[in-house]
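The values are calculated or read from the model by the stated rules, or taken from the named source; none is laboratory data. Values in this document were obtained by computation on a predicted structure and should not be read as measured data. Cβ: placed from backbone, ideal geometry, glycine included. Neighbour counts: every protein chain shown. For the accessible areas, the whole protein counts, side chains as well, though only heavy atoms, and no ligand, DNA or RNA atoms are used. Shrake-Rupley method; radii C 1.70, N 1.55, O 1.52, S 1.80 Å.
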Amino acid sequence: MCSERMLDMLRRHTPYASGRDIEGLKFLRGLDGLVSATMKDPREFSSVYVPACPAGSAAFAASAAMLSLMSNPSLFERFSNLAHWILRSYTAEAVSGASTWGIFHGLAKLGQFSLRSFDLVWSPAELMPMPDDRYDFDKLRSPLLRREHLARGKQHKHPVSRKIASFLLGVEDILQNSDAMVFVTAVGGMPFANYIRGFIHRAMVLGLHALVLACMDEMAFERCTQVVQGLSSSSGSDLSRRILCVAATEGHVIFIKHAFLPFLLSAAVDTVWIDFDTFILQDPTPAIVAARDSPARELPQRSRVRFGSFLFDDAADICGLSKICDPRQHWSHNVTSSSVETDLDYTGVEVLVTEHWDARCLNNGLFYVRASYRTLTFFTLFLKQIYVNPYTDNQNLFDAFLSHSTLDAAVPEARPVLRYALLDIDSKFGCAEGHMNKASPGDPDGLVTFHFWASDFRTGRQPGEDTQRERIVARNGVERVEKVRAGKDQLFELFFGEEAQLGYSSGVPAAGASFIEQARAPKPSWKGMCSVTAVGVEELVDERLIQGEQQLIDWQAATA
C-alpha cells in the first residue's frame, strides 16, 4: 500500500532539489529524515513496499539518489541502481503512477545534478608510442632512452602530442636528469587570463625548467603566446624552451586537467600538477624530491577500518575522530587491486598529494606523479572513470582511487594501488585557509607554494589562540575566530598583478607576503572526514548570522 505521507513529502520537497543554490537545503532537510528512516531496514522496503507501490518506490529512489549527492556521494550508485531496477521490473505500474508521484519530474531533477556534461575530447591514441613490455617503459627514464623516446614523439600523428613531445625534447634538464619534472596548469576565461603574465613571469624568475599551460580558450592561448614572446624579448632568453602554451579548448575543464597527465606520463617525464591559483614562492623541485625520497609516512595503509564510505586507520582512530567506538558499527577493510604487483615494480613513493588544511580528504590542487607504467595506467583509468560517471566529483574520486579517506563505487578493482605520501601543508605547501610556517615569505625556510584556496567560512576553529580577531561561539559550543580573508580576484592581483611583478626580482611582493603572514594559524586540533558535497550550508548560514548578532534560524521549522 502506498504511503500518503511519502507522497506528500516528495511532492512538497522534490521541487526544491538543487545542487547549485541554497533552495537545495529545503530539499535536503525535508527528505533526509524520510530517507534515513526508510533505509534503516532496506529489506522491508525492497520486499514489501516496492511490490505494493512501484511508482512511489521509484520516485523515492530518485529523490534519495539526489539526496546522497548532497550528503553522502558513495550512496548514489545504490539509490540510482534501485530506481533503475524498480522501473525495469515494474515498468507498467511505474508508468501508470508516474503522474501522481512525479517520477519523471524527479528523474529530470536528477539529471540536473550531474556535475559535468559528456564532453571528453581525448583518445588513448594521443599517448606516446609504448614498448611491448611494461618494464621496458620504466627504463625510458634514463636520459639516453628518454631522448630517443621523445624524438619518436616528434612524428606523432596527433598535433598536440607532437607539439608537447617536441617541447620536452628541447628541455635540457629533461634530457640530462632522470628525475626531471614538468609542471602543468590550466587557465581560461576572465579575469584569469589577465594574470597569465604574472604566473609565467614568476616561473621565469624562479627558473622552473619546464612549464606547460593548457589554455582553455582562444583568449588565454593568445595571451600566453604573447607573454612568452614578450618576456623572451625583454629577458634576452628564449622562454619557449622552458614554457609551452597549448590550446585546449575542447571538453570540460575537469577533463582537460586530467587529459594532459596520461600523455606527459607516457613521455616518461615526472609530472607536477599545480592549480593556476597558486603562487610559487620558491622552486618546488627540492621540496618535492625530499618528500618523495624521505616520506614521513608511506601510504596507503592496506589494512583499515571502514564506517560507511569513510576509511580510518584503526578502531582507535575512528573512535577518537567520530566517537563511533562500538566495534559492531564498523568493520575491517583491506585495500586490494586486481592489478598484478611484482618484484620488478618500483618500490618507492609514486605520488605526492595534499590534504585539506582542516580535513582529511585530498585537495588535488597540487600533486606530483612519478612516470611509470603503473601511474600511467592509474591516471588513464581515472580519466575514463570521471568521464563515465558524471555524478562523481573528481577530488572525491581521486581520494578514493588512492584509498586515502573514502570509498567510491566508481573506483575499478583493476587500478594499481599506488604508493603515495602527503606533502607538508603546515610549513611547505600552504594555502589561504591556514599554514604554520613562521619564516618570512621568500625565505629558504619559508613556504614553497601558496594556494589561494580557502573555505567559504569567514571564521576558523582556533581555540585558545591569543588574538584580537573577532570570536564567535557556534550553536554546538565550538569557539571560532575570524580569519583573514580575500577573494580570489584580490589574491590574483596581490600576487600576479602588474605592481606585484615589480617585486619578483627581490623576492615575494610585499602585499602578498603580508597576506601570507596574516594567514598563519594554529594547527587544527581536529581533522574530520570530508568529501566535496553540499553539506555544511546550515553552519555557513549560522556563522553569518552570529557575526551579525542576528537570531539563529530554526532549520526544522524553516524547511518544513
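Tabulated results
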{"quantity": "Checking Arg29 against (1) touching a Ser or Thr at 6+ places or on another chain (Cβ under 7 Å); (2) modelled with pLDDT of 80 or more; (3) of a type in the set (Lys, Arg), the condition it does not meet", "calculated": "(2)"}
{"quantity": "Filter result (under 25 Å from Lys139 (Cβ atoms), among the aliphatic types (A, V, I, L, M) and either touching an Asp or Glu at 6+ places or on another chain (Cβ under 9 Å) or surrounded by 11 or more Cβ atoms within 10 Å (Cβ to Cβ) (or both)) within region 339-364", "calculated": "Leu344, Val349, Val351, Leu352"}
{"quantity": "Single residue of Phe199, Phe221, Phe183 found to be open to solvent by 40 Å² or more (accessible area, probe 1.4 Å) and out of contact with any Lys or Arg (no Cβ under 9 Å at 6 or more places or on another chain)", "calculated": "Phe221"}
{"quantity": "First in region 430-444 and free of Cβ contacts under 8 Å to residues at least 12 places away in the same chain and over 19 Å from Lys488 (Cα atoms), second anywhere and assigned to a loop (DSSP other than H, G, I, E, B) and open to solvent by 30 Å² or more (accessible area, probe 1.4 Å), Cβ under 7 Å, 6 or more apart", "calculated": "Ala439/Asp445"}
{"quantity": "Those residues of region 293-307 which are touching a His at 6+ places or on another chain (Cβ under 9 Å) and small (Gly, Ala, Ser), in sequence order", "calculated": "Ser303"}
{"quantity": "Residue check for Leu107: outside any loop (DSSP other than H, G, I, E, B) and closer than 20 Å to Arg5 by Cα", "calculated": "no"}
{"quantity": "Within region 415-443, tally of residues that are touching a strand residue (DSSP E or B) at 6+ places or on another chain (Cβ under 9 Å), of a type in the set (A, V, I, L, M) and part of a loop (DSSP other than H, G, I, E, B)", "calculated": "5"}
{"quantity": "Residue in region 369-385 that is free of Cβ contacts under 8 Å to residues at least 40 places away in the same chain, touching a Pro at 6+ places or on another chain (Cβ under 8 Å) and open to solvent by less than 30 Å² (accessible area, probe 1.4 Å) present", "calculated": "yes"}
{"quantity": "Boolean, Met436 is at pLDDT 50 or above, open to solvent by 30 Å² or more (accessible area, probe 1.4 Å) and in contact with a Cys (Cβ under 9 Å, 6 or more places away or on another chain)", "calculated": "no"}
{"quantity": "Looking only at region 309-338, and only at residues there that are open to solvent by 70 Å² or more (accessible area, probe 1.4 Å) and assigned to a strand (DSSP E or B), the one that is nearest to Arg419 (Cα to Cα)", "calculated": "Asn334"}
{"quantity": "Test: residue in region 447-454 that is within 24 Å of Met70 (Cβ to Cβ) and open to solvent by 10 Å² or more (accessible area, probe 1.4 Å)", "calculated": "yes"}
{"quantity": "Looking only at region 363-398, and only at residues there that are modelled with pLDDT under 95 and among the charged types (D, E, K, R), the one that is farthest from the chain's Cα centre (by Cα)", "calculated": "Lys384"}
{"quantity": "Any hit, region 341-354, residues being of a type in the set (Gly, Ala, Ser) and modelled with pLDDT of 90 or more", "calculated": "yes"}
{"quantity": "Top-ranked residue of region 203-218 - restricted to ones that are more than 22 Å from the chain's Cα centre (by Cα) and open to solvent by less than 10 Å² (accessible area, probe 1.4 Å), ranked as nearest to Ala500 (Cα to Cα)", "calculated": "Ala203"}
{"quantity": "Meets criteria (farther than 30 Å from Val227 by Cα and either modelled with pLDDT of 50 or more or loosely packed, with under 14 Cβ neighbours inside 10 Å (or both)) for Ser506", "calculated": "no"}
{"quantity": "All helices (runs of 4 or more DSSP H) inside region 132-175 with 2 or more residues being surrounded by 15 or more Cβ atoms within 10 Å (Cβ to Cβ) and β-branched (Val, Ile, Thr)", "calculated": "159-169"}
{"quantity": "Filter result (outside any loop (DSSP other than H, G, I, E, B) and of a type in the set (Val, Ile, Thr)) within region 444-455", "calculated": "Thr449"}
{"quantity": "Qualifying residue in region 262-279 (condition: modelled with pLDDT under 90 and in contact with a helix residue (DSSP H, G or I) (Cβ under 6 Å, 6 or more places away or on another chain))", "calculated": "no"}
{"quantity": "Number of the condition not met by Ile288 [criteria: (1) open to solvent by 20 Å² or more (accessible area, probe 1.4 Å); (2) on the phi < 0 side of the Ramachandran plot]", "calculated": "(1)"}
{"quantity": "Scope region 509-529; condition in a loop (DSSP other than H, G, I, E, B) and surrounded by 16 or more Cβ atoms within 10 Å (Cβ to Cβ); matching residues", "calculated": "Pro509, Ala519, Ala521, Pro524, Lys527, Met529"}
